[in-house]
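The values are calculated or read from the model by the stated rules, or taken from the named source; none is laboratory data. Values in this document were obtained by computation on a predicted structure and should not be read as measured data. Methodologically, a virtual Cβ is constructed for each residue, glycine included, from the backbone with ideal geometry; neighbour enumeration extends over all protein chains shown. Side chains included, ligands, DNA and RNA excluded: accessible areas come from the protein's heavy atoms. Shrake-Rupley method; radii C 1.70, N 1.55, O 1.52, S 1.80 Å.
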Amino acid sequence: MKARRRIVPVFVPHLGCPNDCVFCNQRTISGSSLPAGAAEVRRALEKAETVTDQAELAFYGGSFTAIPTEEQRSLLAAAKPWRDKGFLRSVRVSTRPDAVDEERLRFLRKYGVETVELGAQSMDDRVLALSGRGHGPEATEKAADLVHGEEMQLILQMMTGLPGASPASDLATARELIALKPEGVRIYPTVILRGTALERAWRAGRYRAHTVYDAVETCAPIADAFLRVGIPILRLGLNPTEDLSAGEAVGGAYHPSLGELVYSRLYLDRARAAIRALPRLPREVTLLVAQGAVSKMTGQHRSNLLVLEGEFGLRKIRVKEGAFPAQTVAIEGFL
Ligand code: SF4
């Protein structure tokens with residue numbers, strides 16, 4: 001039996017991007033060094049047809065709407081036969097906020113694009129300037145309005161630990177993104193990639209790396225803020241690739257399971273709050289979590305449970321999964 005709907009990614013590394021953000025080396029992030037063309041789109045869709053019944057085509061990397069219109073048209077038109085026969089349900093593109101206007105969005109809609117991912121990265125003027133982004137926060141606000149105005153889905157991407165950022169400014173960015181009402185977000189803690197301006201700044205001592213520890217501490221409250229208002233987090237941390245794992249990520253917050261570490265920290269904080277709220281401190285507690293969340297609550301090598309036992313002087317902690325709301329932690333007997 002074929003799998004149901006799946007995302008077919010086509011990477012357009014750096015294609016169309018007029019910029020050189022200090023952290024960016026799109027070739028390393030995507031694992032691809034050749035810009036994709038119409039032939040790659042067709043090949044990807046032909047392959048997808050052999051394993052799934054329905055798909056969504058996603059153009060990631062680069063700045064799609066900054067590519068010359070004829071190239072955009074060629075990439076999008078290559079997918080038309082699959083749209084016509086109903087295999088392709090929708091198309092998404094990612095781009096820079098300042099490469100979006102009504103005309104470009106209408107063009108995308110005509111070719112079946114329903115979702116636009118905007119690389120906001122930060123809503124802090126200074127952080128954006130130090131990162132060489134070439135746009136301010138107002139570009140993201142305006143682009144987000146335009147995307148929603150065209151009744152398209154909006155996904156916002158943010159980074160933590162950029163030059164000039166702090167945990168407080170990153171959390172403030174998350175709050176500003178929440179106000180733009182995206183249908184989803186992606187959070188990318190800064191990774192120092194080989195050959196980037198950020199690597200040079202780091203080696204010269206002008207930038208302090210955003211470590212995995214920093215990323216977990218910074219992202220746990222950010223993830224909490226998005227999830228509390230029901231905004232799905234589609235990705236947390238760069239997708240592990242062979243290049244990144246083989247040394248292209250020279251420093252910063254690269255960890256193949258970063259998301260798991262952040263969610264584990266989030267569960268620790270929520271368990272702490274639940275235990276603190278108890279009218280009296282028992283000697284043993286059973287933490288109730290949603291189906292599939294036991295490992296997040298327990299932490300690697302039971303680290304979360306050891307912390308809680310130590311902090312609250314508990315003799316024993318059990319973790320039980322059940323039909324509880326996602327991301328919540330309750331205490332058995334105190335529901
Ligand atoms: S805008 Fe995007 S693709 Fe362009 S340099 Fe910056 S991060 Fe890279």
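Of the GluC sites (Glu not before Pro) found in region 167-231, the ones in coil according to DSSP and having at most 16 other Cβ atoms within 10 Å of their Cβ are Glu183.
Extension gain for the segment Glu138 to Glu70, taken as residue separation times 0.36 nm less the Cα-Cα distance, is 21.6 nm to one decimal. Give the average over all directions of the projected area of the C-alpha convex hull of region 32-88, one decimal, in nm². Taking the Cα atoms of region 32-88, their convex hull projects to 4.1 nm² on average. Taking only protein heavy atoms and a 1.4 Å probe, the accessible area of the chain is 50% carbon and sulfur. Legend: calculated FRET efficiency, Glu311 to Tyr213, from the Cβ-Cβ distance at R0 = 22 Å, rounded to 0.05, equals 0.75. Close amide H pairs (under 5 Å, H built 1.01 Å from N) link Ile7 with Glu56, residues at least 5 positions away or on another chain. Remark: the chain carries 46 Å² of accessible area per residue (probe radius 1.4 Å; ligands, DNA and RNA excluded). Taking label points 7 Å from Cα along the Cα-to-Cβ direction, Glu332 and Asp145 give a separation of 5.3 nm. Helix-only estimate, please: 222 nm mean residue ellipticity of the chain, summing -39500 (n - 2.57) across DSSP H runs of length 4 or more and dividing by its residues, to the nearest 500. The per-residue figure over the chain is -11500 deg cm²/dmol. Around the Cα centre of the chain, unit charges on the Cβ atoms of Lys, Arg, Asp and Glu (plus for the first two, minus for the last two) sum to a dipole of about 940 debye. For a straight C-alpha distance cut-off of 25 angstrom, the lysines reachable from Lys316 (same-chain residues fewer than eight places away being disregarded) are Lys296.
The slack in the chain from Arg206 to Arg194, taken as 0.36 nm per residue of separation less the alpha-carbon distance, amounts to 2.7 nm. Subtracting the Cα-Cα distance of Ser303 and Glu103 from their residue separation scaled by 0.36 nm leaves 66.8 nm.
Note on the chain: antiparallel DSSP beta bridges, both residues inside, total approximately 10 percent of the bridges counted. Hey, quick one: spin label on Val294, modelled 7 Å out along Cα-Cβ, who in region 314-329 has an amide N within reach, i.e. under 19 Å? Output list for this probe position: 316-329. The smallest convex shape that holds all Cα atoms of region 51-203, its convex hull, gives 130 Å³ per residue.
Taking Cβ separations below 4.7 Å as the criterion for a possible disulfide partner, the isolated cysteines in the chain are Cys17, Cys219. In this structure, the pairs whose alpha-carbon distance is over 19 Å, taken from Lys80/Lys181; Lys80/Lys142; Lys85/Lys110, are Lys80/Lys181; Lys80/Lys142.
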